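Working notes for the structure below.
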Amino acid sequence: MNTQASRRRFLQSSVALSAGAYLGTGLRTKESYGSTFSTPSEQPVVGFIGAGIRYHTYHCKQALSFGPCAGIADVDFVQLGRAQQAAIDIHRAKNLPLNIGVHEDYRHLLDRKDVDVIVIGSVDHWHTKMVCDALAAGKDVYCEKPLTLTIREGQQIVQALEKSGRVMQVGTQQRTEFGQRFAQAVAMIRDQRIGQVKRVTVCIGGSRESGVLPKVDPPKSLNWEKWLGQCPMVDYRAANEIVDDQGWGAGFPFSRAHRYYRWFYEYSGGKLTDWGAHHVDIAMWALDKLGTDIGTIKIDPLESKHPVAFKDGYPTKDDQFNCALTFKVQCTFQDGIEMHVRDTAPDLGFENGIMFEGSRGRFLVNRGKIVGKPVEQLADNPLPEGAIAGVYDEPTTASLDGFGDEGYHMKNFMECIKSRKQPASDVQSHNRMLNVCHAVNVALRLDRPVTYDPKTETFGGDQQANSFIARQQRKGYEITV
Ligand SMILES: NC(=O)c1ccc[n+]([C@@H]2O[C@H](COP(=O)([O-])OP(=O)(O)OC[C@H]3O[C@@H](n4cnc5c(N)ncnc54)[C@H](O)[C@@H]3O)[C@@H](O)[C@H]2O)c1
């Protein structure tokens, strides 16, 4: 059977289950989903778009502890099959119907009236279009970071969200999970525990290097054209051998697609949008730099190394990963505070995390620890009561039950679906932070300083840098609001 035929056969058998079979069959049951949605009619019916590693490590388990699964969309039917099985296992344990629908085209999932909530864990270059379409279809949305590929896409999501009036959470779970460590760091800065902040160093690791990836046929299960979406139509490339036998890349060869797409500027932004979306977020949140009135930011790429040569901001080869392997970028805010974004900081003694330095001391926070003298001093001089929960704009958006635990970020979203309030990772502040990550990438790609203005969302009169604000989208995949 050829590629298209085998994909079609799998989808047809499952679509038959999904399209009609759910409507009116009562997906919701009397099964308990905890205290958030106490009655069956309150339970949100969930649809998933993108069934890769994040679906398996977080979305499926966490979202389905609040409501049943109606269906899953992915452009690779092997990914779909695995994801369907994971959802079936959860339904079986809860005595729910086992007929989880699968779709190659996510719009079929959005068309379904029985779906209340869409959880998006697809590749980065698809996020904005899927979010805009889901909001327009009247769904509440949880979408993974990084929300956007470009600054222009951020403007489109904001517009779509305002138009729709729906509730949306960005998947930056550092804001609410990891034992509240990051929220505690923000509270410590706000409570002046290191005095006047002078410098913040954000270490996020470097992007990976693949060497030349040969042109090969895409996997038979993958609709490569649809995976590419808005991006230029190019040959599929993948290594002949699998390098990673553990971690999130395990079992997949280096390629332009699954897992490793994040190391191509065409589809993502390397470490800046992968981990920068988490750590730069915490740094800017703590520094209170997520508004539009913070003045311009000077971004100076002091050191950087890419795996291929660049010309005018574009890689000169398209046969391998192309994002920055090492980098040291100084971002200077108008009030003089410096934010250094680096792959690693051996001189400061850490590889991953955020180090805040101020006039009265310094401390380091990452997913595993929060350490330094100002942290030790909390034993004798604790933060005021409510200081940590008080770092959120709307501290009452969700209950604090489970705050800091794995899964709380999804819970925060689900509770906001009920209250119709703003979740902890709101779109506006995420975009403003991510735009700085995009701007750092522009500086790295051009290998020269740029000045980004959060108010105008431009690089002022710098026409070359401004040319990166938006990208041409392939016909048929344009993003419209
Ligand atoms: N919050 C976190 O800590 C965290 C952790 C890991 C990944 N992520 C994010 O989750 C997202 C997914 O990452 P991943 O590691 O799971 O990637 P992945 O490559 O494992 O999975 C992405 C899936 O999206 C699918 N996809 C691509 N185009 C699609 C389309 N048009 N319709 C439906 N599905 C489509 C792919 O086929 C693939 O199965 C990324 O944006 C990533 O940044 C977040």
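The values are calculated or read from the model by the stated rules, or taken from the named source; none is laboratory data. Predicted model, so just to flag it, every value in this text is computed and none were measured. Note that we place each Cβ from the backbone using ideal geometry, even for glycine, and neighbour counts take in every protein chain shown.
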The correct count of residues that are of a type in the set (Ser, Thr, Tyr) and touching a Lys or Arg at 6+ places or on another chain (Cβ under 7 Å) in the range 152-192 is 1
Among the residues that make up the range 375-386, is at least one of them in contact (Cβ under 8 Å) with a residue 24 or more places away in the chain and either under 21 Å from residue 457 (Cα atoms) or assigned to a loop (DSSP other than H, G, I, E, B) (or both)?
yes
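Residues checked against (1) more than 20 Å from residue 218 (Cβ to Cβ); (2) among the aliphatic types (A, V, I, L, M); (3) more than 11 Å from the ligand (Cβ to nearest atom):
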{"position": "58", "(1), (2), (3)": "yes, no, no"}
{"position": "61", "(1), (2), (3)": "yes, no, yes"}
{"position": "97", "(1), (2), (3)": "yes, no, yes"}
{"position": "100", "(1), (2), (3)": "yes, yes, yes"}
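Quick grid of which residues meet (1) surrounded by 14 or more Cβ atoms within 10 Å (Cβ to Cβ); (2) in the same structural domain as residue 342 (by TED's automatic domain parsing); (3) not hydrophobic (A, V, I, L, M, F, W, C):
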position: 193; (1), (2), (3): yes, yes, yes
position: 199; (1), (2), (3): yes, yes, yes
position: 216; (1), (2), (3): yes, yes, no
position: 223; (1), (2), (3): yes, yes, yes
position: 233; (1), (2), (3): no, yes, no
position: 247; (1), (2), (3): no, yes, yes
position: 282; (1), (2), (3): yes, yes, no
position: 297; (1), (2), (3): yes, yes, no
For the subset of the range 407-464 comprising residues that are among the small types (Gly, Ala, Ser) and either touching a Phe, Trp or Tyr at 6+ places or on another chain (Cβ under 9 Å) or assigned by TED's automatic domain parsing to the domain that holds residue 63 (or both), which member is farthest from residue 278 (Cα to Cα)?
460
Contact list, first residue from the range 85-113 and among the β-branched types (Val, Ile, Thr), second anywhere and within 16 Å of the ligand (Cβ to nearest atom) and assigned to a helix (DSSP H, G or I), beta-carbon distance below 6 Å, six or more apart or interchain, is 100/84; 100/87; 102/14; 102/80; 102/84
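When you go through 327, 403 one by one, which is the residue that is touching a strand residue (DSSP E or B) at 6+ places or on another chain (Cβ under 8 Å) and touching a residue at least 40 places away in the same chain (Cβ under 8 Å)?
Checking each option against the conditions leaves just 327.
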Scanning the range 65-90 for residues that are surrounded by fewer than 24 Cβ atoms within 10 Å (Cβ to Cβ) and among the charged types (D, E, K, R), which turns out nearest to the ligand (Cβ to nearest atom)?
82
Going residue by residue through the range 180-189, is there one that turns out to be under 18 Å from the mean Cα position of the chain (by Cα) and surrounded by 24 or more Cβ atoms within 10 Å (Cβ to Cβ)?
yes
Return the residue satisfying two criteria in turn: it lies in the range 251-282 and is more than 11 Å from the ligand (Cβ to nearest atom) and among the hydrophobic types (A, V, I, L, M, F, W, C), and of such residues it is nearest to residue 151 (Cα to Cα).
272
